[in-house]
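Note sheet for the following structure.
The values are calculated or read from the model by the stated rules, or taken from the named source; none is laboratory data. Here the structure is a predicted model, which is why all the values come from computation and not from measurement. Virtual Cβ from ideal backbone geometry, glycine too; neighbours counted across all protein chains shown.
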């Protein structure tokens, strides 16, 4: 299982993947409908996507969930098991 983190900005999201213990930066995804759907088609069924809760997050969740991918929204102050992951993602970017 991979954990995919999306750091959501106004017009794009920065994507990082934690696969077992290997962290990799996948670049950016434009926050257009077509780009998010194309990103969703690349996800594996057992992937877990963690998205920073922002104004754009609801749109991303609606587009990714029909693909049977687990999507979790996390607020800035919410404790989550991926907190250390998020710190590593920011360092890797």
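Within region 46-55, how many residues are at pLDDT below 85 and farther than 14 Å from residue 15 by Cβ?
Of all residues in region 46-55, those at pLDDT below 85 come to 52-55.
Remaining after also requiring farther than 14 Å from residue 15 by Cβ: 53-55.
The total comes to 3.
Taking residue 30 as the residue in question, decide whether it is surrounded by 12 or more Cβ atoms within 10 Å (Cβ to Cβ) and either more than 12 Å from the chain's Cα centre (by Cα) or free of Cβ contacts under 8 Å to residues at least 12 places away in the same chain (or both).
Against the criterion (surrounded by 12 or more Cβ atoms within 10 Å (Cβ to Cβ) and either more than 12 Å from the chain's Cα centre (by Cα) or free of Cβ contacts under 8 Å to residues at least 12 places away in the same chain (or both)), residue 30 qualifies.
Applying the selection to region 1-16, what residues are surrounded by fewer than 16 Cβ atoms within 10 Å (Cβ to Cβ) and either in a strand (DSSP E or B) or within 11 Å of the chain's Cα centre (by Cα) (or both)? Show your work before the answer.
Step one: of region 1-16, the residues surrounded by fewer than 16 Cβ atoms within 10 Å (Cβ to Cβ) are 1-2, 9-11.
Within region 1-16, 2 is the sole residue that qualifies.
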